[in-house]
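Accompanying notes for the structure given below.
The values are calculated or read from the model by the stated rules, or taken from the named source; none is laboratory data. None of the values given here were measured: they were computed from a predicted structure. We place every Cβ from the backbone using ideal geometry, glycine too, and count neighbours over all the protein chains shown. Heavy atoms of the whole protein, side chains included, go into the accessibility calculation; ligands, DNA and RNA do not. Shrake-Rupley method; radii C 1.70, N 1.55, O 1.52, S 1.80 Å.
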Amino acid sequence: MPKLKIDGIEIEAKEGTTVLRAALDNGIFIPHFCWQTLLSISGNCRMCAVQVEGLPKLEMSCNLIAADGMIITTDTEEVRKTRRSVLEFLLINHPLDCPICDQAGECLLQDYHFKYSGAKSRFKEKKIKKSKAVNIGPHVKLDGERCILCSRCVRFCSEIAKESDLAIAERGDSSFITTAPGRRLDNPYSLNTVDLCPVGALTSSDFRFQKRVWFLKSSPSICPHCSTGCPIWIDHADGTIYRLRPRDDKTGNLFLCDEGRLSYKKWQSFKRIYFPKVKIWDDFKEMKTDETFTYIQSAVGGYAKSEIAGIISPRCSCEEIDAARSYFDVLFRSTIQETPFSEDTIIRRADKTPNNFYLDRLNIKPIPDNIKGSVLIVIDALSNDDLLKVTNLEWKGILQITHDDECVFPGADIVLPRATWAESDGTFINYSGKRQKFYKAMEPKGEVRGTEAWLRLIK
Amino acid sequence: MQILTQNFNIMNANRLSAYLGRDGYKSLGRLFSLRPEDVIEEVKKSGLRGRGGAGFPTGTKWGFVPKNSDGPVYLCVNADEGEPGTFKDRMLLERDPHKLIEGTIIASYAIGAKTAYVYIRGEYAKPCKILSAAIAEAYENNFLGKNILGKDFGLDIVVQRGAGAYICGEETSLISSLEGLRGYPKIKPPFPAIKGLFGRPTVVNNVETLSSLPFIVLNGWEPYSKIGTKKSPGTKLISVAGHVNKPGVYEIDMGLSLISFIEKYAGGVWKNRRLKAIIPGGSSFPVLSAEECANVNLDYESMISAGTMLGSGGMIVMDETTDMVACLKVLTDFYHHESCGQCSPCREGSGWAKKIMDRIVAGLGTKKDLDLLLDIADNMAGKTVCVFADALAMPIKSFITKFRAEFESRCL
């Protein structure tokens, strides 16, 4: 393993690593635009220049293999001048529209300019005009003028998403990012290009103009959209989720699929339930929790435990499942959401629920055809198949704990608002058996409670 | 001495029959009696240096190719002659294509290539036609194809035309272009000799370099190394254009003085005017003022000590009436148009420099703009993947510093 010195700090690098990688791994920051850990090395931005003792010219640390005895300085006058000049070059044709740019606040060009240059531009000529706000795919918009042509998005599409949707056209300072002839940026991973874009050239059509990023709070969590369970950041403000972003948990995956990323919407739709609801005659009536108790009592009270059947969905956390196991003697699982066509070998899995592994391990069975009992308590939702199995029976009372009107099934008598994964702590176990904790990102609104709390209340 | 141009003035020089009558393909007999490593050694000893512009020793370049690598090795013939002022390879392709084919066989044998790609400039339609016909003739007569002359060595030559990008003459972007990718230069390392065309070891050689090989193999390294100077042996084609009486392609022994070349070969500066400046090696290299031209010889070392380079030998001569500001504008326009746009300094710098030059030519420049141009050139040079940025920075710097008064007189 080669030992080298960067800015006087002795570090040990892995065999074959680049200087930039070794520096970053050891907490020494070298500014860079085009380099990204999982993409091939392009070396086009020229921002990561460093001085290597004994070499006449500056070297690009992204393509410099760390060698034993190397002495590297990242802060000589020459390096600083190079950084200033690269930033000046990148900014001469940049529209400088930070006040209306969604990237402001998380823009590398902006950050680096403040940190490494701050110089006023000497450019007095006309800036080059390029296309703006182009819909290059269903989820992504392109602003050609803000683009610094680092080619991260192009490389991501061809190398990671395996779809060469993007390309660079024209040459010189007329170059621009565009979709390849006859294509759109519509691969299942297209929104990663927005994360990868160091500037505001690629923005998410979904998040665009929704919120200034400095108002957002980021909470670590796990994506509940499929059984892969990607680590994510929930970016939220005032109890509303604005976007999901991939989180680096040092296990090598830095990307999210578009469906997972946009899945936050189903947890906060306009049909979200915030108060308990009781069916009086044929209509649901919203009421306070304490008012509900008499109804709950008359619906589910007075029955033996063996008379109460519970159904829990694989979208529930291990903690919710554990609570249900201690509450119910008779417990089955629902079989919601199987869409086998959206599976690939990159991230997405056909099982669109996060926690089937745990239900499998506990040997909780799907709803049998001959399900019996007097009272049915459903936690989360039922699939259409499940519905057929339970609705041909005469239940004395049906209670459902769920988050959204869409999930309420026709026979329910009482509906209690359930806290979503973003509003509670918990654990998912993914398809490979990996246990992953997630944390409460925001306080639930209204009378929303976690499943455990509801089960305790109706005991 | 005539090595490269010896067949230029005979009838049907591009035909195999004429070439065979002039000792054509004779070197192959000796070639196949040598081991490949001996051929590399011969070329190393001959002192032949790359004629494309950089002047890197050819034998040394071949030596970088890993020995006995399992899988193909490729030779690329760089016929993408795009340097402004350079038109020497065109003459070789049109007048003596079989010499290039013979040289290609020699180089391929030395590095172990079974396929050679000729990457020819898109605009060279006629040379391409002539070369392709010559290659067909060579195939028919077993100079190409399997078991050349009954020996255990075969070679295929594939001709690929470029699509009009100057940058594709740079060896790594030539490789990108051949691979069907955008003509972007590749970041080095890895160098082409290790990982080049289709990820395999590759040597890229200029047409003139390869055309010099038959002489070296046929006569041995010694006669060749005795021509020219000690460090720059051999002959060099100079394509001279501009304000001279006899523009054209001339073969000189290395080390000839620049002034005597202009006088004896190019017929002197035209219209009895005085010399103002010469770009000796293609537009990418610094210009020499008339005073500087006086004591310079046409070889690599002398040029470097004069602060410029012999480059491709594309000489542009300018007489006393030349408008240096207009000249630099032509160059900045050219380099702005041809920058591939990969690296930030070159992409943005070339456009910026062009716009400032536009302003100066329009009479709206200031003296401060000249310093700004010099600073832009400074920030571009040596800071990019390939040397294109330097190729623009060097003319900017040399034109403005050497003819500053003329530039200032055009500024506000």
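Shielding of peptide A:42-48 by partners, expressed as the average count of other chain Cβ atoms within 10 Å per residue Cβ, is 6.
Per-peptide packing, taken as the mean over residues of other Cβ atoms within 10 Å, places B:399-407, A:363-371, A:30-38 in the sequence A:30-38, B:399-407, A:363-371 from highest down. Across q = 0.09, 0.10, 0.11, 0.14 Å⁻¹, chain B modelled as identical point scatterers on its alpha-carbon atoms has Debye log10 I(q)/I(0) values of -0.54, -0.67, -0.81, -1.26, in the order of the q list.
Structure note, pairs A:288/A:437; B:99/B:276; B:26/B:236; A:14/A:217: Cα-Cα distances above 27 angstrom occur for A:288/A:437; B:99/B:276; A:14/A:217. Cross-link partners of residue A:132 among lysines, defined as those whose alpha carbon lies under 22 angstrom from its own and excluding same-chain residues fewer than eight positions apart: A:141, A:211. Each residue of segment B:138-152 is assigned a 3J(HN,Hα), and the resulting list reads 5, 4, 4, 9, 6, 8, 10, x, 7, 6, 4, 6, x, 8, 7 Hz, derived from the Karplus form 6.51 cos²θ - 1.76 cosθ + 1.60 (θ = phi - 60°), x at Gly and Pro. Rg/Rh, computed from the Cα trace of segment B:16-225 with Rh as the Kirkwood radius, has the value 0.93.
Once Rg and the Kirkwood radius are both taken over the C-alpha atoms of the protein assembly as shown, their ratio Rg/Rh works out to 1.12.
Bridgeable aspartates and glutamates around residue B:246 (alpha carbons under 12 Å apart, same-chain partners fewer than 8 residues away excluded): B:263. Once the Cα atoms are used to define both axes, helix B:324-338 deviates from the longest principal axis of chain B by about 50 degrees. Among beta bridges identified by DSSP and lying wholly in the protein assembly as shown, the antiparallel ones come to about 60 percent. In vacuo Debye scattering of segment B:324-408, one point per C-alpha: log10 I(q)/I(0) at q = 0.11, 0.13, 0.18, 0.23 Å⁻¹? Log10 I(q)/I(0), no solvent term: -0.24, -0.33, -0.64, -1.05.
Buried accessible surface for the A/B pair, both sides summed and rounded to the nearest 100, is 2900 Å² with a 1.4 Å probe. What the Cβ-Cβ distance of residue B:273 and residue B:226 gives, at R0 = 35 Å and to the nearest 0.05, is a FRET efficiency of 0.40. Computed from backbone phi with θ = phi - 60° and the Karplus coefficients 6.51, -1.76 and 1.60, the 3J(HN,Hα) list for segment A:50-63 is 9, 9, 10, 4, x, 9, x, 9, 5, 10, 7, 5, 5, 10 Hz; x is used for glycine and proline.
Give me the net charge of residue B:69's neighbourhood, meaning all other residues with Cβ under 15 Å from the Cβ of residue B:69; Lys, Arg count +1, Asp, Glu -1.
Spelling it out: positives minus negatives among the neighbours equals +2.
Among the lysines, which fall within straight-line cross-link reach of residue B:355, defined as a Cα-Cα distance under 18 Å, with same-chain neighbours fewer than 8 residues apart omitted? Residue B:355 reaches A:124, A:126, A:127, A:129, A:130, B:329, B:367, B:368, B:397.
In this structure the amide hydrogen of residue A:166, modeled in the peptide plane, comes within under 5 Å of the amide hydrogens of A:180, none closer than 5 places in sequence on its chain.
When DSSP beta bridges are restricted to pairs lying wholly in segment A:239-367, around 50% turn out antiparallel. Placing pseudo-labels 7 Å out from each Cα toward the beta carbon at residue A:125 and residue B:326 gives an inter-label distance of 2.1 nm. Taking amide H atoms as placed 1.01 Å from N in the peptide plane, the amide H of residue A:6 lies under 5 Å from those of A:11, A:72, each 5 or more residues away in sequence or on another chain. The ellipsoid equivalent to the alpha-carbon distribution of segment A:1-125 has semi-axes of 29, 16, 12 angstrom, derived from the gyration tensor eigenvalues as √(5λ) and listed largest first. Taken one residue at a time, the phi angles of segment A:204-221 give Karplus couplings (6.51, -1.76, 1.60, θ = phi - 60°) of 7, 4, 6, 8, 3, 6, 7, 7, 5, 5, 6, 8, 7, 10, 9, 10, x, 7 Hz. Gly and Pro are set to x. Average 1/r across all pairs of distinct alpha carbons in segment B:235-319, invert it, and you get the Kirkwood radius: 12.2 Å. Annotation: chain A has a Kirkwood hydrodynamic radius of 25.1 angstrom, from the mean reciprocal C-alpha pair distance.
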